[in-house]
């Protein structure tokens, strides 16, 4: 019997372009991404929360991450995520999620549109950002999100989602 090769989270993020200059890379991109995903799953809401989580769980994280220079600072984590290509990241993230999850028979996928709070600027005449999300109800998992075009509505964003 032939066993399937083990696919890791790193395999799904291997195509994600690292936007950092080589000489400034003190932490591996996959370490920052994996740390952030673990922290957010455990309730982290901010970059500081992610760093705190990493420090608290360092010994456990070290079992499967390299962390050659320890846990990255919250500033480093924020800087890396601000420079990542969001479409590339979403593609890699969805690939990973699809590899570890399966929809149960009869599962409901809810589609929901939301306006992001404080995403507008009245003085600068910037309108609020509208998003459409797909949600696996039984797994309590967001499967994907798409920003609604400025001159459109949620209905036109659903096929892209």
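The values are calculated or read from the model by the stated rules, or taken from the named source; none is laboratory data. Owing to the predicted nature of the structure, the values given are computational and were not obtained by experimental measurement. When we count neighbours, we look across all protein chains shown, and the Cβ atoms used for this are built from the backbone with ideal geometry, even at glycine.
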| message | Can you say whether residue 128 is outside any strand (DSSP E or B), farther than 26 Å from residue 8 by Cβ, modelled with pLDDT of 75 or more and out of contact with any helix residue (DSSP H, G or I) (no Cβ under 8 Å at 6 or more places or on another chain), as far as the supplied structure shows? | response | yes
| Would you say residue 94 is surrounded by 13 or more Cβ atoms within 10 Å (Cβ to Cβ), assigned to a helix (DSSP H, G or I) and at pLDDT below 95? | yes
| Can you tell which of 122, 83 is over 23 Å from residue 20 (Cα atoms) and either exposed (fewer than 13 other Cβ atoms within 10 Å of the Cβ) or modelled with pLDDT under 80 (or both)? | 122
| message | Residues that are in contact with a helix residue (DSSP H, G or I) (Cβ under 8 Å, 6 or more places away or on another chain), free of Cβ contacts under 8 Å to residues at least 12 places away in the same chain and part of a loop (DSSP other than H, G, I, E, B): does the range 26-42 have at least one? | response | yes
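Each row is one residue, and each column tells you yes or no for (1) modelled with pLDDT under 95; (2) under 13 Å from the mean Cα position of the chain (by Cα); (3) under 26 Å from residue 138 (Cβ atoms).
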{"residue": "1", "(1), (2), (3)": "yes, no, no"}
{"residue": "19", "(1), (2), (3)": "yes, no, no"}
{"residue": "44", "(1), (2), (3)": "yes, yes, yes"}
{"residue": "70", "(1), (2), (3)": "no, no, no"}
{"residue": "74", "(1), (2), (3)": "no, no, no"}
{"residue": "78", "(1), (2), (3)": "no, yes, no"}
| Is one or more of the residues making up the range 54-64 modelled with pLDDT under 95, assigned to a helix (DSSP H, G or I) and under 18 Å from residue 14 (Cα atoms)? | no
| message | Given the criteria without any contact (Cβ under 8 Å) to a residue 40 or more places away in the chain and outside the structural domain of residue 34 (by TED's automatic domain parsing), does residue 71 qualify? | response | no
| Filter pass, residue 113 being assigned to a loop (DSSP other than H, G, I, E, B) and free of Cβ contacts under 8 Å to residues at least 60 places away in the same chain | no
| Listed residues 72, 68, 105; which is part of a loop (DSSP other than H, G, I, E, B), more than 23 Å from residue 146 (Cα to Cα) and in contact with a helix residue (DSSP H, G or I) (Cβ under 6 Å, 6 or more places away or on another chain)? | 72
